[in-house]
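Engineer: Here you go, one structure.
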Amino acid sequence: MKKITKWNTILLCLCLMLALTVSAFARRTTSTSTPTPAAVQTNSPVPTTPPSNTTNLALNRPATSSSDENASFTANYAVDGNTGTRWSSGFSDPQWIQVDLGTTANVSSVVLRWEPAYATSYQIQISSDASNWTTLWSTTSGSGGNVTINVSGSGRYVRMYGTARATQWGYSLWEFEVYGSGGGVTSAPNPTATPITQNTSTPTPTRTPTTAPTVPPSTTNIALNKIATSSSDENSGTTANNAVDGNTGTRWSSAFSDPQWIQIDLGATASISSVVLRWETACASAYQIQISSNASSWTTLWSTSSGSGGNVTINLSGSGRYIRMYGTARATAWGYSLWEFEVYGTGGATPPPNPTATPSPTQGSGTGTLFWADEFDGSSVNTAYWSYEVGGTGWGNNELEYYTNGLNSSIQNGVLVIEARRESYGGMSYTSSRMITYNKVQRTYGRIESRIQLPMGQGIWPAFWMLGTNIMSGTAWPACGEIDIMEHINNDQQIVGTIHWDANGVYANYGGTAACNPATYHVYAIDWDSAGIRWYLDGAQYWIADTANNINGTEEFHRPFFIILNVAVGGNWPGSPDASTVFPARMYVDYVRWYQ
């Protein structure tokens, strides 16, 4: 009897283990993410060989993505025909990779060559404008490997839109192939981004015929003193703004890797007729000139794989707000380096962060003597005033960004720029900056104001706010007190002003809103004294909080506070970014002033 009981027990355990395995497999292959939209085809049979007698329309075409794991795994590697290179995304859902076929094509099949970090749920979508997408095929039970998907559709752009990953890593494709007819297979391709053998001599290949004479056209350089950003900077003395300052003695230079880019915000849509690149010795041998309306989806206007540096004028034709040089192969062991990046044509606008004159501060009821101000007139952030809070802990709100030590903030044309980027860093899928004046500029009471232009977009959360200094000596939030001079989320056409505190052992908050278009400059301010706090938008009061005599336990607001400027990404309040969110997302700060 004991033996029978023993074997029954063993058999029962084996059955239980088998059931748990089946259950775990079912959980792994069933997505719990946002439901996949209805598709023309769902889980259709997929042979594992590409079609014959057709052309891979995606080969060497411009490819972009929602995010890249790092600079070694960018989207162009999934269309270079090399199964030893790959694209991989940030470690979150959803993510996408799209390819621009150049012109409208009739697509009959798509081949995905997955790396082990594959998608369990994804869609194949097509579009004529890279904005409005039609789903041709979808699955919720992807299993990776080499997959051929038969579809039928017509459009210029094709993308894989992933909603659930099979691993904790991102989405990763060795190759993304598109088969059918049409497309711009003869137009300027993406040069294959194969790492070059580093050397110390500059090659002198024959320049492509599309390179025009080396004198600029007799029109206005519409890139001059505009906002410029880059994939990386060699150091703080060679940042992107040096390539648009009109000074051929200053330069931008990148990290020593491929690919790298520098882009310019022209302020408004412009018609481009030519670009002048004034290369330093560390030039590009393969690069593209690309244009975009949103700094996310790029169209290649011109490319070369035989660049030889010097002063190069490139005649081209295109329309957009953003323009960039996208380098895929360096001519030296150093990074990419430009003395000047000039753009000629018509349109564009004086960039919002570079106003012709800073207006006088609009005073409220708390006028007084200016005891501190930062006008951001230097070449870099003044560390006598500001420190950086660093990390990717979620910051108590389940935020998605990693705050870097100054990599996401810069001074450009007398304006502080805080930039949130979609990039993997420190285990997070986004980066940004959080700047504080703790232990440098802090005080009780006064009028605190700033002139700011805010970024918009789902999941974007910029703020101008204050915390009690005692939070740094162990007093927990909210007992330290918090004053939100201005917060904004997503695409709201309003801003929020709030206080948070510990009301005799109970969390409390109190605040109001004011309608405005945050995408243009406004002056956000508070008057703070022993009687209370009053909030202002462009000089007009819109909210007041009574803190006199510590009413409702508000003694927190009669102690020293310090200032914070940051752009958060995601979190409990705004939610996560989606495919509509444009990165980089930039907050422009003209000045911060504290009157006492």
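Engineer: Give the order of LEU407, LEU277 when sorted by the count of other beta carbons within 10 angstrom, beginning with the fewest.
Structural biologist: Going from sparsest to densest Cβ surroundings: LEU407, LEU277.
Engineer: What list do you get for HIS558, HIS500 if you sort them by fewest beta carbons within 10 Å?
Structural biologist: The most exposed by this proxy come first: HIS558, HIS500.
Engineer: Charges at C-beta only: +1 for Lys and Arg, -1 for Asp and Glu. How large is the resulting dipole of region 487-596 about its Cα centre, in Debye rounded to 20?
Structural biologist: Charge dipole of region 487-596: 200 debye, to the nearest 20.
Engineer: Given H placed on each backbone N at 1.01 Å, which residues far from GLY394 in sequence or on other chains put an amide H within less than 5 Å of it?
Structural biologist: The list, which skips near neighbours in sequence, is GLU399.
Engineer: Between region 229-265 and region 92-149, what's the alpha-carbon centroid distance in Å?
Structural biologist: 34
Engineer: What does the charge dipole of region 211-347 about its Cα centre add up to, to the nearest 20 debye, if the Cβ of each Lys and Arg holds +1 and the Cβ of each Asp and Glu holds -1?
Structural biologist: It comes to approximately 200 debye.
Engineer: So for VAL99, VAL496, VAL381, fewest C-beta neighbours within 10 Å to most, what's the order?
Structural biologist: Fewest-to-most Cβ neighbours within 10 Å comes out as VAL496, VAL381, VAL99.
Engineer: Moving to a separate point now. Would you grab the residues whose amide H sits under 5 Å from the one on LEU316? Only those 5+ places off in sequence or on another chain, please, with H modelled 1.01 Å from N.
Structural biologist: Counting only residues 5 or more places away or on other chains, the set is SER274, VAL275.
Engineer: With +1 on each Lys and Arg Cβ and -1 on each Asp and Glu Cβ, how big is the dipole of region 41-182 about its Cα centre, in debye rounded to the nearest 20?
Structural biologist: Rounded to the nearest 20 debye, it is 180 debye.
Engineer: Here's something else I'd like to know. In whole Hz, with x marking every Gly and Pro, tabulate ³J(HN,Hα) for region 331-338 from phi via Karplus 6.51 cos²θ - 1.76 cosθ + 1.60, θ = phi - 60°.
Structural biologist: My calculation for region 331-338 gives 8, 9, 6, 7, x, 8, 9, 10 Hz in order.
Throughout, read-outs are computed from the coordinates displayed, never taken from laboratory work. Everything numeric in this text was worked out from a predicted model, so none of it was measured. With ideal geometry, Cβ positions are generated from the backbone for all residues, glycine too; neighbour counts draw on all protein chains shown.
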